[in-house]
Amino acid sequence: TTDVLLGAFYQQHDIRSPHSWFAQILLQESLNTRDGFKSGRTVKLDGGVQYAASSQWSVLAQVNTVIRARDQGDEAEPEDTGSQAIYFSPGVSFLVMPRIQLYSFFQQPIYQNVHGVQLVADYSFILGIKSSF
């Protein structure tokens, strides 16, 4: 299917303070069906804070929310799709070079409501690289 993604992001950071925070929302909506299937709408809400412990190290914390509607169509299994989840994600970041940052999060679910029979993780570990231009 062809999906539309609509999102907004806001970040506040005062260079005189070691603290910053962000909030974002993302909506994913399928515009059509394919072979009798249309995936459910997904809404993601995220918010987080960062504390610069030094010029290179930062401590991070996020709350991530995912709300996914049930799939639709003749080939869908709506009884086994759709969910709501809230995760707490503490982490750290390290500034490798002025424009390259490594980051890591441990993501722990604090609420999950899964419809039907679906596989879900007890926790997740995220490792990434951020580059700015």
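Every residue in the range 46-63 that is surrounded by fewer than 17 Cβ atoms within 10 Å (Cβ to Cβ), of a type outside the set (Phe, Trp, Tyr) and more than 16 Å from the chain's Cα centre (by Cα), please.
Listed by number, the residues that qualify are 52, 53, 54, 55, 56, 59.
Taking only pairs six or more apart or across chains, which ones have beta-carbon atoms under 7 Å, a first residue in the range 73-90 that is under 30 Å from residue 50 (Cα atoms) and β-branched (Val, Ile, Thr), and a second residue that is open to solvent by 50 Å² or more (accessible area, probe 1.4 Å) and at pLDDT 85 or above?
Close Cβ pairs (under 7 Å, with a partner that is open to solvent by 50 Å² or more (accessible area, probe 1.4 Å) and at pLDDT 85 or above) amount to 86/63; 86/110; 86/111.
Would you mind finding the one in 74, 80 that is closer than 25 Å to residue 110 by Cβ, of a type in the set (Asp, Glu) and over 14 Å from the mean Cα position of the chain (by Cα)?
Going through 74, 80 in turn, the sole match is 80.
Which residue pairs have Cβ atoms under 8 Å apart, sit 6 or more places apart or on different chains, and have a first residue in the range 49-72 that is closer than 30 Å to residue 15 by Cα and modelled with pLDDT of 95 or more and a second that is of a type in the set (Lys, Arg) and assigned to a strand (DSSP E or B)?
So the pair list comes out as 64/44; 65/44.
Return the residue satisfying two criteria in turn: it lies in the range 81-133 and is aromatic (Phe, Trp, Tyr) and in a strand (DSSP E or B), and of such residues it is most open to solvent (accessible area, probe 1.4 Å).
The selected residue is 125.
Considering only residues that are of a type in the set (Gly, Ala, Ser) and modelled with pLDDT of 95 or more, look in the range 88-123 and name the one that is farthest from residue 78 (Cα to Cα).
This residue is 93.
Would you confirm, using the coordinates I've provided, whether residue 35 is charged (D, E, K, R), farther than 19 Å from residue 3 by Cα, open to solvent by 50 Å² or more (accessible area, probe 1.4 Å) and at pLDDT below 95?
Here the answer is no, as residue 35 does not meet what is asked.
Hey, among the residues in the range 4-32 that are over 26 Å from residue 93 (Cα atoms) and over 19 Å from the mean Cα position of the chain (by Cα), which one's most open to solvent (accessible area, probe 1.4 Å)?
Step by step, filter the range 4-32, then rank; the result is 31.
The values are calculated or read from the model by the stated rules, or taken from the named source; none is laboratory data. This one's a predicted model, so the numbers in the text were calculated from it and none came from an experiment. Because the Cβ atoms are built from the backbone with ideal geometry, glycine has one as well, and the counts that use them run over all protein chains shown. For the accessible areas, the whole protein counts, side chains as well, though only heavy atoms, and no ligand, DNA or RNA atoms are used. Shrake-Rupley method; radii C 1.70, N 1.55, O 1.52, S 1.80 Å.
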